[in-house]
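A.B. asks: Could you have a look at this structure, given as structure tokens, before my questions?
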Amino acid sequence: MNLRTIWRKTLNVTMLSLTGACTLITVSVLFFILGYLVYNGGRDLSWNFFTKLPTPVGETGGGVANAIVGSAKLLFLAMLFGVPVGVIAGVYLAEFSGKTMNFVVRYTTDLLNGVPSIVIGIFAYSIVVVPMRHFSTLAGGFALGVMTIPITVRSTEQFLRAVPNPLREGALALGASKWKTILTVIVPAAASGIITGIMLALARVAGETAPLLFTAFGNQFWSPGWNQPIASLPMVIYTYATGPYEEWHEQAWAAGLVLLGLVLVVNIGTRLVLARKTSVAR
Amino acid sequence: MASVSPVRNAETENMNRQPDNARDAAPSLAKPPEAPAVASSSLRFKVSKLKVFYGSKEVLHGIDLEISSNVVTALIGPSGCGKSTFLRSLNRMNETVRHARLEGQILLDGDNVLNMDVVRLRRRVGMVFQRPNPFPKSIFDNVAYGLRINGCKEKMSDAVEHSLRRAALWEEVKDQLHKSAYALSGGQQQRLCIARALAVDPEVLLLDEPCSALDPVTTAKIEELLFQLKPTCTIVIVTHNMQQAARASDFTAFLLEGNLIEFQKTPKLFTTPSDPRTEAYITGRFG
């Protein structure tokens, strides 16, 4: 009897420590990455890094300003391509689709979400780059846009479903047609959630390298307009980290730090705004 | 749609010019003999052989009921007897439920509601729900919602004030019209929902247990409100509370398991019911 108690207690403690340890690892990975990036890349962060173009190897004082602007432009395009499609399809899924259709669309979006990003890159290559005969910002933005669609669809659907049904009935009973109900009551009620979903989707694709390899391609200089190859932070990291020069490695670390910093700021920022908004509304 | 809104707007304005005390005085004159309100009333809804199905389940088994204008008609009965379903048939809200089906005929002023444009119908027949369901917008925008979707753009603030006054809420909210409707108490929210329904000037107001989530004081306010609305509106109210039906209504219908058991003037139904099942229910032997 006594032995069994001891055994039981030991097992309890073991399981608790095991789950605790795994949780600790999960949490500490982020902080480890962040710390490592700050340690390795922090030194190279300077005003020049944000404002100057890359310099030829050997010269000091170069920056990645073109890549930062490039990433911003690519994300803007991704938002332009992906968000309307994603949000509107999400509205269909939450408000209109029957059982079968809902299953089909959901399953498809989940599959699309699972398509490797390099394959999305090939898709964008064959659809945009090949007909245009050159790499371009447009192609890169399109590839990233396609990647945001499934995430936006699912998050939009979720937040729309969370809108309480009495609100729908209230609007319908006032003589609002279905699309007016959706447009004027349901979507506004879920707006903060939908926007968070969009921001998270953008943050997610901001770090994608693979789809940009043969769409946006990369650029050492500024890329005016939307029709030329363009630099981006993930591509800079990829090129610099795999390059042979020590300065490049350092700049890759710094670029990684900037990218992670941007993603974290967007992530935490939207969550904060969302938390404040919902506390006001309820 | 655009051609309708100016007319509606003019109506609203006219009512607005009517002095407040005239509206307040009307019901108190009307009540004691009970004659004026009832005498001036005409047939509004004529429901015949109404059957409602959810999937294969028949919820209402052929109901015949005539609802007069400018009176309060109460629907009572135990839970699940189909009174809410009946109410929601009148403005076709049942259609929002999947697999709901309707047989029989519902005439509103002689026109079959099933052939009517549903949007039009619901603008004529407003509805207030069991739980207050204000939109996550400001108090003003909540009341203005119905007007805005009607395409009305002018005189909004007058119409909003008028509706809030009719719902006896104006004095409490006039300084915070642009605050969120969620900042109001439950009773205030319910009156806001009534104001929202009144803003489009419906001919009929359907209320689905509007007081079940409210305290007695607020309930009394809403009953008082129904009384004041009678001259301008036909009211159909579903209630669990028999005292409420007795206090606030002119006619009462008793439903049981999807059948209409008895439909009488309220005092008669509560004092000398003709069906033993009605008597059993109102004396509290079941339900």
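A.B. asks: Kindly give the semi-axes, whole Å and largest first, of the ellipsoid equivalent to region A:2-44, taking each as the square root of 5 times a Cα gyration tensor eigenvalue.
C.D. replies: Values: eigenvalues 326, 9, 3 Å².
Semi-axis lengths for region A:2-44 are 40, 7, 4 Å.
A.B. asks: When the helix-only estimate is applied to chain A (DSSP H runs of n ≥ 4, each -39,500 (n - 2.57), divided by the residue count), what is the mean residue ellipticity at 222 nm, nearest 500 deg cm²/dmol? Please report the intermediate quantities before stating the final value.
C.D. replies: Numbers: 12 runs with 204 residues, N = 282.
One gets -24500 deg cm²/dmol as the mean residue ellipticity at 222 nm.
A.B. asks: Sorted from fewest to most neighbouring beta carbons within 10 Å, what does the list B:LYS179, B:LYS153 look like?
C.D. replies: Least to most surrounded, the residues fall as B:LYS153, B:LYS179.
A.B. asks: As a test of understanding, state the convex hull volume per residue of the protein assembly as shown from its alpha carbons, in Å³. If you can, show how the numbers build up before the last one.
C.D. replies: On the way: hull volume 143.5 nm³, N = 569.
Enclosed volume per residue, from the Cα hull, is 252 Å³.
A.B. asks: Cα-Cα over 30 Å: which of B:LYS51/B:LYS153; B:LYS179/B:LYS221; B:LYS83/B:LYS221?
C.D. replies: Pairs exceeding 30 Å: B:LYS51/B:LYS153.
A.B. asks: Same structure again: For A:GLU247 paired with B:SER212, estimate the spin-label separation in nm (one decimal), with each label point 7 Å from Cα along the Cα-to-Cβ line.
C.D. replies: About 7.6 nm separates the two model spin labels.
A.B. asks: Could you put B:PHE135, B:PHE254 in order, starting from the residue whose Cβ has the fewest other Cβ atoms within 10 Å?
C.D. replies: Details: B:PHE135 23, B:PHE254 28.
Listing B:PHE135, B:PHE254 from fewest to most nearby Cβ atoms yields B:PHE135, B:PHE254.
A.B. asks: Which whole number gives the average count of other chain Cβ atoms within 10 Å of the Cβ atoms across peptide B:129-135? All intermediate terms of the calculation are to be shown ahead of the outcome.
C.D. replies: Details: counts 4, 1, 2, 2, 9, 3, 9.
What the average comes to for B:129-135 is 4.
A.B. asks: Would you please give the FRET efficiency between B:ASP158 and B:GLN243, computed as 1/(1 + (r/R0)^6) with r the Cβ-Cβ distance and R0 = 25 Å, to the nearest 0.05?
C.D. replies: E(calc), rounded to 0.05, equals 0.10.
A.B. asks: While we're here: Taking R0 as 51 Å, what FRET efficiency do you get between A:ALA72 and B:LYS174 from their Cβ-Cβ distance, rounded to the nearest 0.05?
C.D. replies: Values: r = 47 Å, r/R0 = 0.93.
Efficiency, from the Cβ-Cβ distance: 0.60.
A.B. asks: Using the beta-carbon distance between A:THR60 and A:ALA21 and R0 = 51 Å, what value does 1/(1 + (r/R0)^6) give for FRET efficiency, to the nearest 0.05? Before the final figure, lay out each step's value.
C.D. replies: Working: r = 44 Å, r/R0 = 0.87.
Result of the calculation: an efficiency of 0.70.
A.B. asks: Using Cα pairs closer than 8 Å and at least 6 residues apart in sequence, work out the relative contact order for chain B, in percent.
C.D. replies: 25 percent
A.B. asks: Still on this structure, please answer the following. Test of understanding: extend the Cα→C-beta vector of B:THR96 to 7 Å, then name every residue of region B:194-220 with backbone N under 19 Å from that spot.
C.D. replies: Of the residues in region B:194-220, B:194-213 have backbone N under 19 Å from the label point off B:THR96.
Read-outs throughout are calculated quantities, based only on the coordinates presented, and are distinct from any laboratory measurement. Keep in mind it's a predicted model, so treat the numbers as computed, not measured. Backbone-built Cβ (ideal geometry, glycine too); neighbour counts: all protein chains shown.
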